[in-house]
Structures are given as structure tokens and as C-alpha cells.
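Peer 1: My structure is below; once you've seen it, I'll send some questions.
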Amino acid sequence: MSIHNLNPSIKAITIILCVLLLTMVFDPITPLVFILWIFFVTIFVAKVRIKKFLLFLSPFLIFAVGMFWTNVAFANEPINPTDVVSLFGRNIPREDIQTALSLSLRILTFASLSLLFLLTTNIVHFILSLMQQCKLPPKLAYGILAGYRFLPMIKDELVLIKSAHRVRGVNRAKTLKEKVRQYKRFIIPLLASAIRKAERTAVAMESKGFTGSRDRTFYRQFKVTPKDWLFLIMMLSVLVTLITIAWQVGYFRWYNGEI
Amino acid sequence: MNNWRLKEVIVMAALSVVFGVVYLAFLPVGGVLVGFMGPIGYEPIFGIWFIVSIITAYIIRKPGAAFVSETIAATIEVMLGNGLGPIIILVGMIQGIGAEAVFAATKWKKYTLGVLMLAGMGSAVTRFIWGMFQGGYIAYAPSYILAMFVIRLISGALIAGWLGKVISDALAKTGVLSSFALGKIYKQRKKAA
């Protein structure tokens, strides 16, 4: 089964459902095992290169370490203060360590889930599929696609505005304060030109007969096939199984314990 | 969405794209602040992530502007590579609902500075409720949670509400908004003066 060819909407829904389920989990083992499963799917089933995957994941490793530290440092009063673990020469309640570990692993789980989505999905296909499967109004869908196409143009525009300012004798910003002031000078002309472009695009679309009606045909059609549902069921059942095992063995915790 | 003109939809999308980039650019800024101050580091600049709701609602003045623009900006953020992925779209919707609720309470009629600031705070409230669960704030000490919440509210009011109004007014003065609700008000004001 190729993850790249799955229906983008179903893929996104699967990921969001997994994230929502994981939000309820406050023990460290369930997310850890689930991360291993996502790694397996991304690298062996979707065939994303390990190097690329780890490169994208690395900022989140740092973020997760930060999350672990703050959760230990700013934790709520533990229910069982005598049960401590020694870490970095300090005694820290076992409960705080568990919650901190679980929250930082959760960040990594979310990040790897979304990388599984981002690295296997064409974004234009995603919007088209949202329009065809999730009833996103065509006016909005093509509006977003048009806006997305503006991005490189806006980048060019920024260069243009910069040069125009230089020509008129505005010096290059050196200090941080000057840089902030410089961006203040850029933002209005940049937004103004983006709005003008958007207006022109709208006129062009309407003059070519775009009405925004749902009753239209598509050049690229997206359909939901059984293998899309198979992917959704497979991902969710792995997670639900993990939670059930955790429940049975007794290490499962969810957020109620923290209030 | 049916009573929207195509022009308005595309201008909203264009604004959302620009601010989607801004949102993404501010993530590392927040990251640095978090590195210095702990999770509270995001709070002083949190309002920046609500600003597109305020700007589009203030310019276009139609039901849904705040909600849809924030959702699109979040979608663009995901497309450009916010590592948290499709869930950010859901977060964008949650932020949008907060601002939209405030505009809905005025029946989408009042767009004074006060209402705009309240809308920014509305986003802060809904986003905080989401963060309590998904971000796991609930595990922090209550006084720390309260401090986070208050700073986020102020940031929502000032950065999203006040700065959003300043930017939109400056744009209206350039004349590019002449066919939108805010630009029309400026034109009338000019005629009257």
C-alpha cells in the first residue's frame, strides 16, 4: 500500500483523530510505542528516507527536551510526594517525571504523525481533495490555491520594495531596532500589493466564467477507495490496542489524574 | 459564504497567506523566548497568531471572516511546514471561533477598537482552553497557569486587537481597500470632511 497515493482528506482526518486520542493519554509508554509504529510506517511503508525524516524531526527533539525540563520544573503539587526519583542530583517526584516524559514524548508523536502526512502529500492535491470530499466551497478552495500561488510573487515583491527603499536613500538596517523599524516600513506596501493582486485575480477568474458554484467538473478527481479506510482503521486500531493494553496492565493514565 | 464576493474571498486568502508566513516566522521567536523563560515565553507574543482574524474581519466586515481567515492562515502554515501538521488547522479554527464569537455578539455591526481587542481576547480564551488539554498546561501549578492566561489575554488584546486595527487603518489610507467595507467608510469620511 502506498501512503503517497492515499486520499489526502482521509489521511488528514486519520492524523487528527490519532492526535485527539493521544491528547487523552498521560502515561509515557503508550506514546513511545506509538512513535515506534509511526517510524515503521513512515520509513518502511511510505519509504521516506531516514535521513530526511530525522532532519525534519530534529527541531522537535530540542523542543521535547525543553518541554521535559519545564514540566519537571513547573509541575503541579504531586499526589504522592514521598515517591521520588533521583535525577541530576535532585530528588524529583516520580509522578512529575512520568507526566513530563509523557508530554515530551507526545510532542514527538505529534511531530512524527504530521511528518508522515507532510512528507507524503502534495498540498495542491490536499486542497482539491478537501473541496471534493469535505465540501469545502469551490470559491474558498480556489481562493486558497490562488493565495498559495501568490507566495513566490510576494517574495519578489519584498525584494522590489527593498530596492525601491534603497534607491530613495534608506540605509540598510544593522541593529535589531533598525530591523524592526524596517519591517514596519515593508508591511503596508507589501499587503497593499497583495490586495491589489488578489483583486486582479478575482476579476480574471470571474471574466473566465468562474462562479463558485458546486455544480462543476474537475480535471483532477479524487475519490475515497477502500484502501483509504484501511489506512484509517489500521492507524486507529494500533493506537486503541496500545491504550487497551496500557489499561489492562494498569499503567494507563489520562488527564484527570493531573487536576 | 454565498453572499461573499469572489474579490473578498481572494483578498482574504491573500491576507491569510501573508500572515501564514508571519505566523511561521514567529514560531522560532517564540521558541527562543521559551528557551529563556519556560512555557510562559510564548505568551507575550501569542497575540500575533490571532491577528489575521482581526484584520480581515475589520476590513471585510462579514460573518465568518475572522473564523475562515484564521483557518486558512493555519492551513498555509501547515503547507509551508509547521511541524505540528494538520492539527494546526484545527487549532486555527479554535482560535478563529473565539474572535468570531465576539463579532457575532455585536451581530457583525460594531468594529470599534474595544470590540477588536475583545475579539483578540476571545481567541486567547479558546486557544487557552485547547492548550490546557492538548498542550498539557493542566499539569502546571495553578498560579503558573493563571499567569500564562493573563499574559495571553493582554497579548491578544494589544497585538491582535490594537496592532491589527493600526495595520488595517494604514492600509485603508493607501486606498487599496476602496471596494471593501473599511475602505468605503474611509471614502465617506473623506467626503464628509
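Peer 1: Counting residues in the stretch A:138-207 as N, plug N into 2.2 N^0.38 Å and put the Cα Rg over that result.
Peer 2: Details: Rg = 15.1 Å, N = 70, 2.2 N^0.38 = 11.1 Å.
So the stretch A:138-207 has a normalised radius of gyration of 1.37.
Peer 1: Let me ask you something else. Helix-only estimate, please: 222 nm mean residue ellipticity of chain B, summing -39500 (n - 2.57) across DSSP H runs of length 4 or more and dividing by its residues, to the nearest 500.
Peer 2: -24000 deg cm²/dmol
Peer 1: Just report the Cα centroid separation between the stretch B:135-161 and the stretch A:208-251, whole Å.
Peer 2: Going from one Cα centre to the other spans 34 Å.
Peer 1: Can you return the lysines within cross-link range of A:Lys135? Criterion is Cα-Cα under 18 Å, with same-chain partners fewer than 8 residues away left out.
Peer 2: The reachable lysines, counting only those whose Cα sits under 18 Å from A:Lys135, are A:Lys11, A:Lys223.
Peer 1: May I pose another question? Among the listed pairs A:Lys52/A:Lys177; A:Lys184/B:Lys187; A:Lys162/A:Lys197; A:Lys139/B:Lys184; B:Lys107/B:Lys190, give every one whose C-alpha distance is greater than 29 Å.
Peer 2: A:Lys52/A:Lys177
Peer 1: Right, another one. Roughly how many debye, to the nearest 20, is the charge dipole of the stretch B:6-187 about its Cα centre, given +1 on each Lys and Arg Cβ, -1 on each Asp and Glu Cβ, and no other charges?
Peer 2: The calculation lands at about 700 debye.
Peer 1: Could you please state, rounded to a whole Å, how far the C-alpha centre of the stretch A:110-164 is from the C-alpha centre of the stretch B:99-113?
Peer 2: Cα centroid of the stretch A:110-164 versus Cα centroid of the stretch B:99-113: 29 Å apart.
Peer 1: Please build a GNM for chain A, connecting alpha carbons under 10 Å apart, and tell me which residue among A:Arg181, A:Arg214, A:Arg94 fluctuates the most.
Peer 2: Answer for the Gaussian network model of chain A: A:Arg181.
Peer 1: Shifting gears a bit: Considering only A:Val170, A:Ser9, A:Gln221, whose Cα is most displaced toward the positive end of the charge dipole of chain A, charges sitting on Cβ of Lys, Arg (+1) and Asp, Glu (-1)?
Peer 2: After comparing all options, I get A:Val170.
Peer 1: If the viscosity is 1.002 mPa s and the temperature 20 °C, what translational diffusion coefficient in µm²/s does Stokes-Einstein give for chain A when Rh comes from Kirkwood over Cα pairs?
Peer 2: Answer from the Stokes-Einstein relation: 95 µm²/s.
Peer 1: Rounded to the nearest 500, what is the 222 nm mean residue ellipticity of chain A from helices alone, with -39500 (n - 2.57) per DSSP H run of 4+ residues and division by all residues?
Peer 2: -23500 deg cm²/dmol
Peer 1: Now for a different question. Please name which of A:Ser193, A:Leu136, A:Val203 has its Cα lying farthest along the dipole of the stretch A:116-212 towards the positive end, using unit charges on Cβ (Lys, Arg +1; Asp, Glu -1) and the Cα centre as origin.
Peer 2: A:Ser193
Peer 1: In 5 Å bins starting at 0, how do the alpha-carbon pair distances of the stretch B:6-187 split up by percent?
Peer 2: Cα pair-distance distribution for the stretch B:6-187, in percent: 1, 9, 17, 22, 21, 14, 8, 4, 2, 1, 0.
Peer 1: Oh, and also: Compare A:Gly209, A:Gly66, A:Gly169 in a GNM of chain A, Cα atoms joined below 10 Å, and give the one with the largest fluctuation.
Peer 2: A:Gly169
Peer 1: Mind putting a number on the dipole of chain A about its Cα centre? Charges go on the C-beta only, +1 for Lys and Arg and -1 for Asp and Glu, and I need it in Debye to the nearest 20.
Peer 2: 1860
Peer 1: Which residue, B:Gln95, B:Leu15, A:Ile243, has the largest displacement toward the positive end of the dipole of the protein assembly as shown when charges sit on each Cβ (Lys, Arg +1; Asp, Glu -1)?
Peer 2: So the residue furthest toward the plus end is B:Leu15.
Peer 1: Based on DSSP loop calls and a cut-off of at most 16 other Cβ atoms within 10 Å, the longest stretch of chain A free of exposed chymotrypsin sites (Phe, Trp or Tyr not before Pro) is what?
Peer 2: Numbers: sites that count: A:Phe88, A:Phe210, A:Phe218, A:Tyr219, A:Tyr251.
My reading of the result: A:89-209 is the longest stretch.
Peer 1: What number do you get for the protein assembly as shown when its Cα radius of gyration is normalised by 2.2 N^0.38 Å, N = residues?
Peer 2: Scaled against compact globular proteins, the figure is 1.04.
Peer 1: Could you size up the charge dipole of the protein assembly as shown around its Cα centre, putting +1 on the beta carbon of Lys and Arg and -1 on that of Asp and Glu, and report it in debye to the nearest 20? Show your work: numbers first, answer last.
Peer 2: Details: 48 positive and 19 negative charges, 535 e Å.
I would put it at about 2560 debye.
Peer 1: Springs between alpha-carbon atoms under 10 Å, Gaussian network over chain A: tell me which of A:Glu199, A:Glu157, A:Glu178 tops the mean-square fluctuations.
Peer 2: In this elastic network of chain A, the residue with the biggest mean-square fluctuation among A:Glu199, A:Glu157, A:Glu178 is A:Glu178.
Peer 1: What is the angle, in °, between the Cα long axis of helix A:8-23 and the longest principal axis of the Cα atoms in chain A? Nearest 10 is fine, range 0 to 90.
Peer 2: That works out to roughly 40 degrees.
Peer 1: Oh, and also: Return the sequence-ordered ³J(HN,Hα) values of the stretch B:149-161 in whole Hz as given by the Karplus equation 6.51 cos²θ - 1.76 cosθ + 1.60 applied to θ = phi - 60°, using x for Gly and Pro.
Peer 2: Once θ is set to phi - 60°, the couplings for the stretch B:149-161 become 5, 5, 5, 5, 4, 5, 4, x, 5, 7, 6, 6, x Hz.
Every number here is computed from the coordinates shown, using simple stated rules; none is lab data. Since we're looking at a predicted model, the values are computed, not measured. Neighbour counts are summed over all protein chains in view; Cβ atoms, including those assigned to glycine, are modelled from backbone coordinates with ideal geometry.
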